[in-house]
1. Which residue, B:Phe291, A:Ala344, A:Ala56, has the largest displacement toward the positive end of the dipole of the protein assembly as shown when charges sit on each Cβ (Lys, Arg +1; Asp, Glu -1)?
2. Using only alpha carbons, build the gyration tensor for the stretch B:105-219 and give me the equivalent ellipsoid semi-axes, biggest first, whole Å.
3. Could you give the dipole magnitude of the stretch A:430-548 about its Cα centre, charging the beta-carbon of Lys and Arg +1 and that of Asp and Glu -1, in debye to the nearest 20?
4. Based on the alpha carbons, how large is the Rg to Rh ratio for the stretch B:180-240 when Rh follows Kirkwood?
5. So what is the relative contact order of chain B, in percent, for Cα pairs below 8 Å that sit 6 or more residues apart?
6. For the stretch B:302-426, would you read off the P(r) tail past 24 Å as a percentage of all alpha carbon pairs?
7. Please find the FRET efficiency linking B:Glu437 to B:Thr289, where r is the Cβ-Cβ separation and R0 is fixed at 56 Å, and quote it to the nearest 0.05.
8. With axes computed from alpha carbons, what is the tilt in degrees of helix B:257-271 against the longest principal axis of chain B, rounded to the nearest 10 within 0 to 90?
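Every number in this text was worked out from the coordinates using simple rules, so none of it is lab data. Everything numeric here is computed off the predicted structure, so don't read it as measured data. Neighbour counts run over all protein chains shown; Cβ positions are idealised from the backbone, glycine included.
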There are 2 protein chains.
Amino acid sequence: MYPLLSNINSPAELRRLEVTQLPLLCEELRQFVQEKTNTKEGHIRSSLGVTELSVALHYVFSTPEDILVWDVGHQAYIHKILTGRRDLFHTNRQLGGISGFTKREESEYDPFGAGHSSTSVSAIAGFATAAELRQQKRHHIAVIGDGALTAGISFEALNYIGENQLDVIIILNDNDSSIDENRGALAIHKRYESLCKALNIGYYGSIDGHHIESLVQKISELKEAKGPVFLKVNTLKGKGRVIPESNSTVRKDGKSFQQAFGEILIEEAKKEEKLVVISPAMLSGAGLTEFGNTFPERTFDTGITEQHAVTMAAAMAADGFYPLCHLYSTFSQRAVDQIIHDVALQDLPVLFCLDRAGIAGEDGPTHHGAFDISLFDPIPNIAIYSPSGVELFKTTIKTCIEKRELAIIRYVKGWGMKKVKTLEPDIGYRWLKKGKEKVIISTGAIGEEARMAVAGTKYALLDINRIKPFDTTPVLEAFNRYSKIITLEENSFNGGIAQKIKILAQEYDYRGNIYSLYLPDQFIEHGSRASLLKKTGIDIQAIEKLLAS
Amino acid sequence: MYPLLSNINSPAELRRLEVTQLPLLCEELRQFVQEKTNTKEGHIRSSLGVTELSVALHYVFSTPEDILVWDVGHQAYIHKILTGRRDLFHTNRQLGGISGFTKREESEYDPFGAGHSSTSVSAIAGFATAAELRQQKRHHIAVIGDGALTAGISFEALNYIGENQLDVIIILNDNDSSIDENRGALAIHKRYESLCKALNIGYYGSIDGHHIESLVQKISELKEAKGPVFLKVNTLKGKGRVIPESNSTVRKDGKSFQQAFGEILIEEAKKEEKLVVISPAMLSGAGLTEFGNTFPERTFDTGITEQHAVTMAAAMAADGFYPLCHLYSTFSQRAVDQIIHDVALQDLPVLFCLDRAGIAGEDGPTHHGAFDISLFDPIPNIAIYSPSGVELFKTTIKTCIEKRELAIIRYVKGWGMKKVKTLEPDIGYRWLKKGKEKVIISTGAIGEEARMAVAGTKYALLDINRIKPFDTTPVLEAFNRYSKIITLEENSFNGGIAQKIKILAQEYDYRGNIYSLYLPDQFIEHGSRASLLKKTGIDIQAIEKLLAS
């Protein structure tokens, strides 16, 4: 079925082919990657677009001795298939399978892992510098997308490379895309030659990224160049896709956080004209496409620029607006200083909605939102909310907007706790069930596991929404009423509720037992959300075991 | 003494002067700022360089209605003097006095505060966008230095402004300086026109920043321009300085952390050839000038680029080197994602030396290193050290290098605990004094306050060096021996030793009393280190009071 591909177990074998055979190989690769990829896999389009480029690079260079760094590794599927992972490729993104991104542990052909974008140019600068120090001859190539080039770190790195005249080849994969629409003057007007001139980097023109022979020829020429080299390769994202993309999962049992997010914001924006929405390239992932269509003038997609997005939000807040800044939890790590220095220190009203908090599933360790509570709990002036379900999520957003609160709301991708009758509605906490002996205190969507675990038992359930400032009232009540407390959260220990409750227990001399379930102090692999909740020991079985013991 | 200046209490009064009077005013301003500034104040050189520019901007524009944002506000002394703070200027950087940076609370002429560099372009984009939404006519000006332009956030913002054709004026204060030597191809080759072309921003040439009449004329022309405008103003840092800069404080009682740092690294680098040093523009502040002279090929000043510096370090570590990445604690906030995603996740051996941890003194809230333990304690794979004094600091560096440990070492600016006889040398902790009834458990240089407090008493002192992984042994011993524990640290609560000890107390059912001294959950103002330790209640008096109670 794959006459050429089935014989290629390493780039060395690829290099034995004639150039004229490469177009057929590319065809086989496109067929193979689509056949093996789970149809839910949205990321495949990036890899399809760089099929010829991946083949050409491994054909021309002597990987792994030559260093090839792919930016944000989901464009590296073809690279993985060519570098010994063909027969593992069907396990892509599954628990125990290969990663959807480049990963050092996985292969010597992955010198640098990357799940977040825009790191490849810095990384290649590091490798080139290391080789220079060792006086080692080898080639250094970084591939970066035009969308990824909007992030400041890539500019920092190019500026460094231009100064130091490092021998690196930077391939711009220009597929005219960011995650959503492409953003930034550079990507829109494509004046890369001017950028290269400004940064003292040799610009080597623009080439059709789907013409393998030309690619091989051009890249072979560049191999001999001295100093930094920049080549723009024009590709089409999803080129050669024949299997259509499936729609995202639809469930009938209520709305996901992302669905609810778009809806509530449209409602609120109608009432509050000072509400504006800023997103670094994630409007569609956020569920904000419809919002953007309804309020185009109040919707700002800044491209992959978490730092700029947050500081711009701060300035708009300083000037009387109430900006909602939507960030994936894991990408908020890119804007920690801006959140501290530009927003919190100036106590400006900005609402941060941190999406993909907790376990992010198949995207794995680069994408889990395991640290957001930990990172932001120490920062003065910011309230932190972690709503368990969609209704509470909506109430929280509404309340923050009404009060123009400087706050973070963190929530998972997908569905949260089913709608439950609240005994005592409060934005800070809710007793969802009172009971005897034992109580679970949970925060966030993981509370659904707790809700199921206590259903039909005599045990109680307390749902904490506001983590900071933390209301001690319900916890002290729990100390009085229950002899066993189980805490549950989808974040690492620091800053979370387990920690706060244990400290209260110490201060108030609580004599009962406290068991805490939280994410372990280690990076968590990739896999389905359910499998990872189980693996990290924070799912319903773990809770039931604790309740029974 | 200041015939013109003494009559100027606001920019409106400045605007009543004739252009021909402005050179004399500039002379007076230079004289005034030098007269009033504490001679220890190094930052004055930036402000001296923009004397004419500051006058010209307030002369031409109608501040505060027009929005003028100064990047990293220490260049804004002249601006402050012209905007109603002349008579307060002698309190600059003192406790209760005006801030050394722009500050919103201080004046309506400071629309956006900035102690960290490179935020002004993002901020002006936010203000311009806000004005556009309101259909408000006003002018928007950002001033940014050529050094500050090396940071990625400014590129993100320029790219955004170029796309959206915002009506903003960006003034490049080209003083040929970063904090140390200028870095990056852009600043060295000065091809700003090419950069502007790439980013679709109008380049309006280059002008002598010390010729006030030309400045006024040029800026008046730009006022009428449409779309984004970029003007390069050539200035000389420290222009007109007559009072010589004083040397930094010299003390006879032992070495500062910064002095020791340079010395130990030179020693270690002689033995370990894989050790390289990477600093984003802080080599001299770090105490590494001599190191750079001794090992120029192993010293990398990347410019103001914390993100790139860390990712480049990660790649060099992946390639067999042991990079030491020196960051000011407060600026490490700019590289949180790189530390998590590029270094810790890949478990690469990088040594982060976080300088200016804890209270940073006169630089104030933008510069205190109050959050580093909190931010990094939740990150897997990284060890965290907080040595109390120089000897332990050296041992810790040596040990990390020998083991090629992925670690953070955080230390204050200045001096730590005096050399003390250690009862039990251990990299993790040291009993400095055993005793009766009460024990102080401290970490970091603040331990000096504890050492003085217990001297001559029967009380004990335990010094914690390694915060993560945290060794419970000495704490459990303290639980057994002492009925009262006082914890002391120069960081906010989260992740720190107070928290860890309280949780252990809960788990081990310790029945004694624990009192904890740490930085409060609020931003801390500026002032001398001693005055701020007192104010935040973590100095010797606070400890003695607790010991006595």
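1. A:Ala344
2. Over the Cα atoms of the stretch B:105-219, the semi-axes work out to 22, 17, 16 Å.
3. Computed charge dipole of the stretch A:430-548: roughly 380 debye.
4. On the way: Rg = 13.1 Å, Rh = 13.0 Å.
Rounded to two decimals, Rg over Rh is 1.01.
5. On the way: 1132 pairs, mean separation 59.9, N = 549.
After rounding, I find 11 percent.
6. For the stretch B:302-426, the share of Cα pairs beyond 24 Å comes to 26 percent.
7. 0.70
8. Relative to chain B, helix B:257-271 is tipped by roughly 70 degrees.
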